[in-house]
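Step one of this worksheet: look at the structure below.
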Amino acid sequence: MSTDWFDGNGTGDPVDVAKILDGLATAGIAEIVAAGALVSLGTTSDGGALALTVTVDGRYRREYFRDEDTMLAWIAQAIPAVHTAKGTSSPPGATPKRTRRSGKL
C-alpha cells in the first residue's frame, strides 16, 4: 500500500486520555456542565486526538486536542462563553434555581 502526503497526519501515537483529562481539565469541564452546557468527549477514529464538544441550546463547538495545555486554554475560553450563552453568572458550585412546576394541578 502506498502512502502519500495525506497519510501523514499526526504522529500516529494514541492520545493519553486519562492524562489530558487529569486535574484542571476535569474541573473546567465540570464548570462548563454546571453552567448548563452539554459536554461530549471522544477520540478520533485513529485515537490520536481527543474530541471535546460543548453544546448550548442547539449550538455547538468542537475541537480536537493532543495535549492538556492547549485544551486548558480552550476550556478557559469556553467557560465564559457558556455563561454568556446561558445568561448566567453563577459561581462554580452555586445551586441553580428550580423552575420545574410540581405535577399537581
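Some points to look at:
- Qualifying residue in region 48-64 (condition: polar (S, T, N, Q) and at pLDDT below 95): no
- Among residues of region 16-26, those that are part of a helix (DSSP H, G or I), loosely packed, with under 13 Cβ neighbours inside 10 Å and touching a residue at least 12 places away in the same chain (Cβ under 8 Å), counted: 1
- Residue count for region 27-61 under the criterion of being hydrophobic (A, V, I, L, M, F, W, C) and part of a loop (DSSP other than H, G, I, E, B): the result is 3.
- Selection status of A85, modelled with pLDDT of 95 or more and either assigned to a helix (DSSP H, G or I) or under 18 Å from A18 (Cα atoms) (or both): no
The values are calculated or read from the model by the stated rules, or taken from the named source; none is laboratory data. As the structure is a computational prediction, the values presented were derived from the model and not from experiment. Here the Cβ is made from the backbone with ideal geometry for all residues, glycine too, and neighbour counts use every protein chain on show.
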